[in-house]
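For reference, the structure discussed in these notes is given below.
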Amino acid sequence: QIQIASLYQKFEQYFDIGAAVNAKTITTQADLIRRHYNSVTAKNEMKFAEIHPDPDRYTFEAADAIVDFATIQGEKIRGHTLVWHNQTPDWVFEGPTGAQATREELLTQMQQHIETVVKRYRGHIYAWDVVNEAIEDTTDITLRKSKWLDIIGEDYIAKAFHFAHQADPNALLFYNDYNETNPVKRDKIAALVSSLQDQGVPIHGIGMQGHWNLHGPSIEEIRAAIELYASLGVQLQITELDLSVFEFTDRRTDLTEPTPEMLELQAQRYEQIFELFKEYQSCITAVTFWGAADDYTWLDHFPVKGRKNWPFLFDCQQAPKMAFHRIMK
Ligand code: XIL
């Protein structure tokens, strides 16, 4: 078998190439990850509900396994995520009495959680998605409604960054979100980050999730978002890249394999997107895929349960797809 060139080595002079992993894929995709990616992110294992399921109980085993794997392989590690409206247990928002926590109680809880998790992986995790998806999508409301916002107030975001910075002054701290190319949302994201900067909040980067598909967003929309975020003087990372073969509104479930047209379009899109990222190499420091190969993707269950998807550069056998060859040209 001919040895194919390494993806991350190809892009080493521009940015890191990451893969989201879990406790299983660090085994089933170990060779692929080692060869083609130089950074990893835990898909779920560091989220609040997974790592801190009960008030007095942290479950570090799966997260530790990922950190150990990455350390042995010499992979960088991005941490995901500290404060989010999803995958956070109800008890977090309840005070000691079981009623709703007060602002002070929730801030204490947030601080303890952030301090414990961030300190544990100090020196291993170089960047954290401190706050995830805090901006409302479509309406003119800026901040998404959540228990964090309800109970603490708008400064919950600034507080989270301060706590993370105290726990590890060397970690790069990111605000991470999706629909990041939507003109209305990207302005709100930029306004949030800019106001955090004005308040002296330690924030170093914006994470653009990059859950895109074969038809959108356009290259010009992505470029506009990159330009806007870069103008704030922070670094940018693409944190969860995948190119779904279905448009978001497409609810078809009858496809058992991707059509040649889909694979061709996907290859074209990946090529254009990576060309664009290369243009912005001075501000884009990492491009992480939300998986490593088509044998395992969250899009197999989202937004349609149990529908197979093929969003990556490697197929279900972990062999390079047309898109891989196109961006390696
Ligand atoms: C997803 C995981 O991949 C799934 O396994 C889980 O069921 C739900 O969360 N935006 C994010 C990620 O920031 O944390 C999400 O990950 C995908 C969308």
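Using the Karplus relation 6.51 cos²θ - 1.76 cosθ + 1.60 with θ = phi - 60°, the per-residue 3J(HN,Hα) values for the range 265-277 come to 5, 5, 4, 4, 5, 4, 4, 5, 5, 6, 4, 5, 4 Hz, with x marking Gly and Pro. Summarising the amide proton neighbourhood of I17: residues at separation of 5 or more, or on other chains, whose placed amide H is nearer than 5 Å comprise N38, S39, V287. Which of T97, V130, G153 sits closest to the plus end of the dipole of the range 69-216, meaning its Cα is farthest towards the positive end, when Lys and Arg get +1 and Asp and Glu get -1 on the C-beta? Projecting each Cα onto the dipole axis, the largest value belongs to V130. How would you classify the range 58-209 from its alpha-carbon gyration tensor, with a ≥ b ≥ c the square roots of the eigenvalues: rounded for a/c under 1.5, else prolate if a/b is greater than b/c, otherwise oblate? It is oblate, given that a/c is not under 1.5 and a/b is not larger than b/c. How high is the relative contact order of the chain? Use alpha-carbon pairs under 8 Å, at least six apart in sequence, and give a whole percent. Rounded, it is 16 percent for the chain.
Pairs with C-alpha atoms separated by more than 25 Å, drawn from the list K24/K278; K24/K308; K43/K305; K47/K147; K147/K188, are K24/K278.
Bridges between two residues of the chain, per DSSP, are antiparallel at a rate of about 10%. Each Lys and Arg contributes +1 and each Asp and Glu -1, all at the Cβ; summed about the Cα centre of the range 33-161, the dipole is approximately 600 debye. Sorting the segments 271-282, 183-194, 288-299 by their mean number of nearby beta carbons within 10 angstrom, highest to lowest, gives 288-299, 183-194, 271-282.
By the count of other C-beta atoms within 10 Å, a proxy for reagent exposure, F302, F48, F60, F161 are ordered fewest to most as F302, F60, F48, F161. Residues in the range 130-136 carry Karplus couplings, in order, of 6, 10, 10, 6, 8, 9, 5 Hz; the curve used is 6.51 cos²θ - 1.76 cosθ + 1.60 with θ = phi - 60°, and Gly or Pro positions show x.
The order of the peptides 250-258, 309-317, 224-232 by mean Cβ neighbours within 10 Å, most packed first, is 309-317, 224-232, 250-258.
Paramagnetic label reach from R122 (point 7 Å along Cα→Cβ; backbone nitrogen cut-off under 14 Å): within the range 142-169, residues 163-169.
Fully extending the segment from N170 to D64, taken as 0.36 nm per residue of separation minus the present Cα-Cα distance, adds 36.2 nm.
Taken together, the values in this text are just the output of simple stated rules run on the coordinates, not laboratory data. Worth saying up front: this structure is predicted, and the values here are computed from it rather than measured. Heads up, the Cβs are rebuilt from the backbone with ideal geometry, glycines too, and the neighbour counts pull from every protein chain shown.
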